[in-house]
Each structure stands twice: as structure tokens, then as C-alpha cells.
């Protein structure tokens, strides 16, 4: 079966890097999200974006900024989970010279850098309570003090926050300020997970395949086989769009530039795992047999012979599906001999007393 090939010239310029937005989709749930985002973008109020990891929260925040009246101002982002709690305050608000050891000169923070524009706080649930208090003051009064300073700094910043944590649960446990949560949630946008956007999977996959083909210097984008498409559309994508990007790029570079058919969802799956498990089973079986043999060798002869008879009798019955005539043939006994042994087994089922 032949598959259509697509020219890269129809989709990308001759540049080696492609900066096209990854916020692509045609599903109803995705388009509904984009409509809600567009409606709130011009409103100069904080917005809270909630979504699982890999759903594209920073892309959504960037789109909010560039659709707002602040689009000519700076868009400054801070991943709050990437910093230890002791550094978040100085990173957000800056510090004065001599505020702490190593502070040799004044440094402005992210709030000042974002003046006139938008500050995106990713994973805001990781911010310590004392810093949340200062953020609340900025939201309410547009002023703050740098670390180690007493002079008020005025800023005009729109805050967009994002997280995959349950902020309401954190607030109920006094781990997040309820007042700040109330101020940040003028609008709450829920980014849909990829498993709810089945119609977008192939669209995004083709986009990522094209980018990877450009990076590899290929003239055409290899298509996906029907089996590859079925596998991608049937997968649950716990890592969402970010995971899809990794899976597709890996599959494209491993392909022969003609057809993408080998989709690997778990790159950490060892090709030797099955062999290892089988080998472990064989070792355990061998060890068990050795233990049983040693046990027989350390028993009195009469008891060992009896136990061996019992094991052979049980194995023959199982193999014969408990048909006694067939079991007798398997053991090389006449039916009467088998019946005599079976009666002994029923009566004792253990070695006779010495």
C-alpha cells in the first residue's frame, strides 16, 4: 500500500528551526477553550489556568498576553517549581544591595521586569505563604518592596497563574492563601487533556513530524502508518501534548524517512525484560527442584520412596485429568496396582510410620 507524501515546502520555509505555535486543535472542546481564552484576554484582570502537566499552560498564558491590550509590553514567565522557596521572593521582587550575602548590587525582580505587561507564574501552588502575602499586596495595591529595601516600587502588571495542583484543597489546609486565590481567579480556564481531544492527535502529530523532518534536513514529511495512527489515537497520553511531541519526534527520527510505523510510548521499556523474567522463573524452578531433591536425600529411605510415589501419583492424575485408567498407564501400572496405590494414598497421604 502506498502512502501520500507531503512536501516540506508546502508547510515550512527553508529555515532549520520552526517557531510555529504548538497550540493547535480542531476539536470542539479545544476550540471552546480558545474562545473562552480570547474573551477574557482583553479584560485587565488576573486569570488562573488549570491543567495537567504537558497540556500547554505557558502557551495559553502567552496567547492571553498577545491577545490583550498589553501585547506590546513584556511577557515574563517564572516557573515557581524550579526554585527553592528561599529564592522565590528575591526572584519575584528583586533585592537591594547588601540585602544578603552575595547581594553586591541592586537587582530588579520579575514584577519590575514585567511592568506594563504580563507576569506568568507557573506552578503557583509551590510559592510559600509569606511570599503569597506580598503577591496579594501587588495584586491589590500595585506596590511592593524589594528584599532588603523599604522603598515602595509601583508596577502595572497583569498576573496569569497556572498549576496542576488543587488550589482549593491547599487553601482548605491553610497551604495557600484564600484571599490570593480569590483575587487570582477572576476567570479560571481549564485546559483540556489530550485524551479528551482525540480529533487533535493526528493534527498535532503531523505538526511535530514536520518539525522533526525539517530538523533532520529531509525534503518530505514521512506519513504515519494506519497502525501508528490507531496506536496514538487509542493511547491515554498521561503526559499530554508534551508526551505526544516526544513520542512523535522519536518515531520520526527512527523511521526510514518513508513511513512512520514504530510508535514507542515508553522509551524506558527494556527489550531484555521478557528474557530476564523467563530466566528468573527458570532459576527459581531449578532452585525449587534442587531443594526438593535435597529434602528427599535427607529423609529415611522408606519415607523418601513413599513421598516420591505420592508426587508421581499426583502428577499422573493431573496429566490424565483424573482418569485413573489413563493415570495407571502413565505410571506403567496395571489398573489393580494403581488402585492399591491410590487406596494407600487416600488412607495416609504421608509416609508410614517407622
If you wrap a convex hull around the C-alpha atoms of the range 27-110 and split its volume per residue, what is the figure in Å³?
117 Å³
Would you kindly state how much longer the chain becomes between residue 152 and residue 283 on full extension, computed as 0.36 nm times their sequence separation minus their alpha carbon distance, in nm to one decimal?
39.9 nm
For helix 240-254, what angle does its Cα long axis make with the longest principal axis of the chain, in degrees from 0 to 90 and rounded to 10?
70 degrees
Just need the relative contact order of the range 178-266 here, percent rounded to a whole number, with Cα pairs under 8 Å and 6+ apart.
32 percent
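Given Cα positions, please report Rg to Rh for the range 300-354, the hydrodynamic radius being the Kirkwood one.
0.98
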A chain fully extended from residue 84 to residue 29 at 0.36 nm per residue, minus the present Cα-Cα distance, gains in nm 16.2 nm
Angle between the chain longest axis and helix 129-141 axis [Cα atoms, degrees, rounded to 10]:
40 degrees
Rounded to two decimals, the Rg over Rh value of the range 126-225 from Cα coordinates and the Kirkwood Rh reads 1.22
Using the eigenvalues of the Cα gyration tensor, what equivalent ellipsoid semi-axes result for the range 28-192 when each is taken as the square root of five times the eigenvalue, whole Å, largest first?
27, 18, 14
Helix 198-216 sits off the longest principal axis of the Cα atoms of the chain, rounded to the nearest 10 on a 0 to 90 degree scale, by 80 degrees
Write down, largest first, the equivalent ellipsoid semi-axes of the chain in whole Å, where each equals the square root of 5 times an eigenvalue of the alpha-carbon gyration tensor.
67, 32, 19
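Coordinate-derived values only; no laboratory data. Nothing here was measured: the structure is a model prediction, and the numbers come from that model.
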